Amino acid sequence: MLYDYFPILIFIILSIVFGLVPITLGSIIAPKNPDAAKNSIYECGFKEFNDARMKFDIRFYLVAILFIIFDLEIAYLFPWAVVLNKIGFMGFLSMIIFLVLLLLGFLYEWKRGALEWE
């Protein structure tokens, strides 16, 4: 019975080896000569100009969340399209309902002005 789990054990061992070997080699081989310029704080290549904990506009978060929601929902279309011939009319109907709900959500967000940037 444990013989069936042997490939999983090999996979775990190889993943640990492939994860730890580059980190270990990098820490051993890499040159270590830090100076003040390397240890200084920077933002995108230039010195900081404001507090890193300043408040952001809520629209940044809203756009990011909307993108993730619609992007993940669209990801369901690809597997559905692959098996469309096998799932029949009920599968087609369920995806149409899903897309209508997605469209209603999109129209609601559009109407509420969540997609507008002033």
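Taking the criterion of being surrounded by 13 or more Cβ atoms within 10 Å (Cβ to Cβ) and either more than 22 Å from the chain's Cα centre (by Cα) or in a helix (DSSP H, G or I) (or both), the residues of segment 65-91 that qualify are Leu66, Ile69, Phe70, Glu73, Leu77, Trp80, Ile87, Gly91.
For first residues located in segment 80-98 and without any contact (Cβ under 8 Å) to a residue 60 or more places away in the chain and under 20 Å from Phe70 (Cα atoms), partners that are aromatic (Phe, Trp, Tyr) and in a helix (DSSP H, G or I) and lie 6+ apart or on another chain with Cβ distances below 6 Å form the pairs Met95/Trp80.
Quick note: the coordinates plus some simple rules give every number you see, no bench work behind them. Remember, predicted model here, so these are calculated numbers, not experimental data. Backbone-built Cβ (ideal geometry, glycine too); neighbour counts: all protein chains shown.
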